Amino acid sequence: MNDAARLIFNLPKFTHVTPLLRSLHWLPVVARIRFKTLMLAYKAKNGPAPPYLMAIVKSRAVPRALRASSTARLEPPSLRTHGRQASRLFSVLAPRWWNELPLSVRTAESLAVFKRRLKTHLFVKHLSTSTGPLFGQCLSSWSLKLLPP
C-alpha cells in the first residue's frame, strides 16, 4: 500500500509515505489491519457474518441492569486456553480492539455508519499525531461533526 501511494505520486522508493497517505485519505497498514479486523467483528456481532465468526465473537453479558450494559462491549476469551501466540488470534484481538473504540463508534446503527465512524476514528488516531497539534485539532473538530454527541 505504501508503494502504491508512491506510485500514484510518482515519487522515489525512500520517500516518506505519511503525507501521501494523508492526502489520499488512506489508512497506514497497521490501521488498515485494525480496520479490517473491526469490520469483521461488527459483522460477526450484528449478523451478516459466517457462523464460525459469530461463534468466536460474543457480546459481554451483564448479570443485571447496569450502566455498563449499554456500552456494547465484547467478551474477551480466556488466554489460558490459547498459549503463547494468543495475542495474534482474531478471537483475542477483535474484542480487545472493539472495547477500546469510543461508544459512538461501537453503537453505530448500520454497517455504513460504523465504517465511516471507524475510518474517521483511525485516521485521527494514526495520522494526526505526526503532523503537530494544529492538524490534529482541525481533524478532531471535523470528526466530531460527523459523530453524534
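Quick notes on this one:
- Residues within the range 93-114 that are in contact with a helix residue (DSSP H, G or I) (Cβ under 7 Å, 6 or more places away or on another chain), over 15 Å from A44 (Cβ atoms) and surrounded by 14 or more Cβ atoms within 10 Å (Cβ to Cβ), tallied: 2
- The residue pairs whose first member lies in the range 93-105 and is assigned to a helix (DSSP H, G or I), whose second member is of a type in the set (S, T, Y), and whose beta carbons are closer than 7 Å, counting only pairs six or more residues apart or on different chains, are L93/T37; A94/T37; W97/T37; L103/T71.
- First in the range 1-24 and among the polar types (S, T, N, Q), second anywhere and exposed (fewer than 15 other Cβ atoms within 10 Å of the Cβ), Cβ under 6 Å, 6 or more apart: T18/S130
- Of the residues making up the range 115-149, those that are in a helix (DSSP H, G or I), out of contact with any Ser or Thr (no Cβ under 9 Å at 6 or more places or on another chain) and either at pLDDT 95 or above or open to solvent by less than 50 Å² (accessible area, probe 1.4 Å) (or both) are K115, R116, L118, K119, L122.
- Among the residues listed as R67, R80, R88, R60, the single one being more than 21 Å from P102 (Cβ to Cβ), at pLDDT below 75 and of a type outside the set (S, T, N, Q): R80
- When H16, H25 are checked against the criterion of being at positive phi, loosely packed, with under 14 Cβ neighbours inside 10 Å and modelled with pLDDT of 90 or more, H25 stands alone in meeting it.
- Test: residue in the range 35-55 that is of a type outside the set (A, V, I, L, M, F, W, C) and under 19 Å from S128 (Cα atoms): no
The values are calculated or read from the model by the stated rules, or taken from the named source; none is laboratory data. All values reported here derive from a predicted model rather than from experimental measurement. Virtual Cβ from ideal backbone geometry, glycine too; neighbours counted across all protein chains shown. What goes into the accessible areas is simple: the full protein's heavy atoms, side chains included, and nothing from ligands, DNA or RNA. Shrake-Rupley method; radii C 1.70, N 1.55, O 1.52, S 1.80 Å.
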